[in-house]
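Peer 1: Structure provided below as structure tokens; questions to follow.
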Amino acid sequence: MKPRLFWIALILIGISWISNSIYAHSKQLDKPIFLDHYIDVELQDYIYITFYYLTNKNDSSVVSSVSTGELIGYPEDPYFTDEGIQNRQSFNNHVLRSVNVRFDLEQPSVPEIYSFTEMDIFFSNGKKITTPIGIVNIFPYFNERVPLEQVSTMMGSNYNNADYRATEPLTVDTIKGSYQEVLQDNFLIKINSPSNPTVSQPTEKEFLDPMEKEWRKLPGLDLKNVQLPFDLKNGERLSVYSSISKNLKAVFDLSIHMSGKSESGRVFSTTVRFNHQPYLEQKDVNAIIKEKTKGDTNG
């Protein structure tokens, strides 16, 4: 190769390397970004909550502690820093990590019903951030006998299902998701019972994606169309289906609350759990970063 061509090629390689370095640096986060979490936890001596966050690929720090003001939490394995990095997914410039935090609820400052929407988060490199994390509700633990026997549960990739059998005649008065006002139509609930017969829904329209088609084929009525209260005879079944909008990339471990009264006059209350951790694509990461930083990134 002629010396002149060699130097031109070398210069072009250098320019390309510098351009790539500048581009990669422009995509670096100033601080980790926590996903939105919608979590219900029953009050016990201690609880574990798993939080998910986006950070740079080259971030070697881990969460060392968190504080909500009244509560202080520590990672499950705080003494093993290397093992403390839990990468769930990897993207062009970022990774999705999780940290499982233990909170001690025997602290005298913790009220019986407690909620928090942001945390102070301390990292092993000495940095601290204060960030919104969604909503976490901690409520009293109830262990009461209810006239609804849970006979099966199913947690699928697109929806959850819980089946109940009435152990005596009863009336269901209320059914409500714990974050229904916040999530609105993004959190879907279907009820199937003898009092709520299935209404056929068309599924052949081209605009329906497979997830929506599957949801429409499930038996029962959307909760907004269920006539409350409704009755169940002894031995009759009640199925509760739940799902979320595919566009909502958040962490869920929440409750669907059902309450009513048995024929004998006993008031009851029970919950159906819904658990979901999102699987992100690069476009989801871009959208989350843009929303959380009010900026733009192309991944």
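Peer 1: Under 7 Å between Cβ atoms, which residue pairs at least 6 apart in sequence (or on different chains) link something in the range 221-241 that is farther than 15 Å from Asp173 by Cα with a partner that is surrounded by fewer than 18 Cβ atoms within 10 Å (Cβ to Cβ) and charged (D, E, K, R)?
Peer 2: Close Cβ pairs (under 7 Å, with a partner that is surrounded by fewer than 18 Cβ atoms within 10 Å (Cβ to Cβ) and charged (D, E, K, R)) amount to Asn234/Glu168; Gly235/Arg165; Arg237/Asp163; Arg237/Arg165; Ser239/Asp163.
Peer 1: Let me ask you something else. Give me the pairs, please: first residue somewhere in the range 137-154 and within 16 Å of Gly260 (Cα to Cα), second residue anywhere and open to solvent by 30 Å² or more (accessible area, probe 1.4 Å) and not hydrophobic (A, V, I, L, M, F, W, C), beta-carbon distance under 6 Å, and either six or more positions apart or on two chains.
Peer 2: Taking only residues 6 or more apart or on different chains, the pairs are Pro147/Thr167; Pro147/Glu168; Glu149/Arg165; Glu149/Thr167.
Peer 1: Counting only residues that are among the charged types (D, E, K, R) and under 16 Å from Ser262 (Cβ atoms), which one in the range 225-239 is most open to solvent (accessible area, probe 1.4 Å)?
Peer 2: This residue is Lys233.
Peer 1: Residues being touching a Ser or Thr at 6+ places or on another chain (Cβ under 7 Å), part of a helix (DSSP H, G or I) and touching a residue at least 40 places away in the same chain (Cβ under 8 Å): count how many of those fall in the range 243-299.
Peer 2: So the answer is 1.
Peer 1: Within the range 205-229, count every residue that is over 21 Å from Gln180 (Cα atoms), of a type in the set (D, E, K, R) and modelled with pLDDT of 80 or more.
Peer 2: Adding up the residues that qualify gives 3.
Peer 1: Within the range 100-138, track down each residue that is modelled with pLDDT under 95 and β-branched (Val, Ile, Thr).
Peer 2: Selection gives Val110, Ile113, Ile138.
The values are calculated or read from the model by the stated rules, or taken from the named source; none is laboratory data. No experiment lies behind these values; they were computed from the predicted model shown. For neighbour counting, all protein chains shown are included, and Cβ atoms are generated from backbone atoms with ideal geometry for every residue, glycine included. Each accessible area value is taken on the protein alone, full model and side chains, heavy atoms only, with ligands, DNA and RNA left out. Shrake-Rupley method; radii C 1.70, N 1.55, O 1.52, S 1.80 Å.
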